[in-house]
Amino acid sequence: MGSRELGLPMPVAAPEPASLPAEVTIWEVGARDGLQNEKEIVPLEVKLEFLRRLADAGLVVLEATSFVHPKWVPQLADATELIAELDPAPGARYPVLVPNERGLDRALEAQVRDIAIFASATETFAQRNLNSDLDGQFGMFEPVVSRAVGEGIAVRGYLSMCFGDPWEGPVPVEQVVAAGKRLLEMGCFQLSLGDTIGVATPGHVEALLRAFVAAGVGVDRLAVHFHDTYGQALANTHTALRHGVSTVDSSAGGLGGCPYAKSATGNLATEDLVWMLEGLGIAHGVNLESLVDTSRWMAEKLGRPSPSAVVKALG
Ligand code: HMG
Ligand code: MG
């Protein structure tokens, strides 16, 4: 079947090919960020089937769940069962979120080998999301990272509220860089810059990336995590790609949101990302048709249509 019949865009070289990466790693967060905010508990079999279908569609990094306090995120209270019943696809990684040593103990018992910690760039969100103050969160994460790295486990660092905070307003770039550097210095192999409430715009993304580079952090250690509240996620991603970022977080069908961040909506939809990468001629490894089928299937399970523009257009 040709690319037209599959509904893929025609790759057209940009007038200035400049610095776009040849390949992008999509960090699929649909099963974690995508589902964590769902009020109705999604059955374990549906979550497992979702992960299986996403891997079948070619995604190789699939954030699977969180070992957080089950009362804080009831939707992911089945983390241990999910990991036990997961049938990993060959070559795929299934990272999980871990906030503290209790979470790490649970993840290690479940034989997890790939984790992410998640910090806040702002005081208010540290308190609301982690029940800790801004400085205290690093004390919570340090033993998690040192124990995990000591066991040969890769630890990703997330940093939330990098562009704006619903309680504090705009977040100074220097504050974000300082918090992000602490996570990298702690031993995280990568830092994912979170626009938790989707307020970033491309100039702000460029300013933040330049500030990290000026502070000695190479773009090869940075990933981007955009929520799409104001419809800017794809433009922001394009800006990040042009500055050399090659790991992009997204969620199938645009599911998502954080229960502790007022006004957070879904992540950048993986389909919208794939459409753009395809058009730019950037390798991504995903079969768009099966991904769209998966998101439509999941939308039926959740009882509402996917917000992704590409799912709507191809569905
Ligand atoms: P806490 O209540 O302060 O915990 O919560 P604590 O340390 O005081 O412990 C209280 C009890 O909870 C103890 O039990 C602990 O054992 C237990 P007790 O002795 O009373 O019987 N406990 C746990 N049980 C299971 N698993 C654990 C755990 N930890 C303690 N891991 C805590 C502090 C950090 C645990 C809590 O605030 C929490 O779970 N927060 C998670 C919130 C969350 O998951 N938010 C969404 C993810 S972040 C996000 O979406 C943003 C991101 O997408 C990027 C972006 O968009 O910007 C990543
Ligand atoms: Mg998020």
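The values are calculated or read from the model by the stated rules, or taken from the named source; none is laboratory data. Values in this document were obtained by computation on a predicted structure and should not be read as measured data. Note that we place each Cβ from the backbone using ideal geometry, even for glycine, and neighbour counts take in every protein chain shown. Accessible surface areas use protein heavy atoms only, side chains included; no ligands, DNA or RNA. Shrake-Rupley method; radii C 1.70, N 1.55, O 1.52, S 1.80 Å.
When the residues of region 211-230 are filtered to those that are open to solvent by 30 Å² or more (accessible area, probe 1.4 Å), under 17 Å from the mean Cα position of the chain (by Cα) and not hydroxyl-bearing (S, T, Y), the one that is nearest to A252 (Cα to Cα) is D228. Residues being hydroxyl-bearing (S, T, Y), within 16 Å of ligand 2 (Cβ to nearest atom) and out of contact with any Asp or Glu (no Cβ under 7 Å at 6 or more places or on another chain) are represented in region 231-245 by at least one member. Each residue in region 130-142 was checked for being surrounded by 23 or more Cβ atoms within 10 Å (Cβ to Cβ) and polar (S, T, N, Q), and 1 pass.
Selection of region 256-283 for residues being open to solvent by less than 30 Å² (accessible area, probe 1.4 Å) and more than 12 Å from ligand 1 (Cβ to nearest atom) yields A269, T270, E271, D272, L273, V274, L277, G279, I282. Per this entry, A200 is not counted among residues that are within 14 Å of ligand 2 (Cβ to nearest atom) and at pLDDT below 95.
Looking at this structure, is V145 away from ligand 1 (no atom under 13 Å from the Cβ), β-branched (V, I, T) and open to solvent by 10 Å² or more (accessible area, probe 1.4 Å)? Spelling it out, it is not the case that V145 is away from ligand 1 (no atom under 13 Å from the Cβ), β-branched (V, I, T) and open to solvent by 10 Å² or more (accessible area, probe 1.4 Å). Filtering region 155-180 to residues that are over 18 Å from P202 (Cβ atoms) and surrounded by fewer than 16 Cβ atoms within 10 Å (Cβ to Cβ) leaves W167, E168, G169, P172, E174, A178.
In region 84-97, which residue that is free of Cβ contacts under 8 Å to residues at least 60 places away in the same chain and closer than 16 Å to V61 by Cβ is most open to solvent (accessible area, probe 1.4 Å)? Applying the filter and picking the extreme gives P90.
Once region 27-61 is narrowed to residues that are closer than 20 Å to A283 by Cα and touching a Gly at 6+ places or on another chain (Cβ under 8 Å), the residue that is farthest from ligand 1 (Cβ to nearest atom) is G58. Pairing residues of region 111-129 that are touching a residue at least 24 places away in the same chain (Cβ under 8 Å) with residues that are more than 13 Å from ligand 2 (Cβ to nearest atom) and among the aromatic types (F, W, Y), at Cβ distances under 7 Å and at least 6 apart in sequence or on separate chains, gives D114/Y94; I117/F141; A119/F141; T124/W167.
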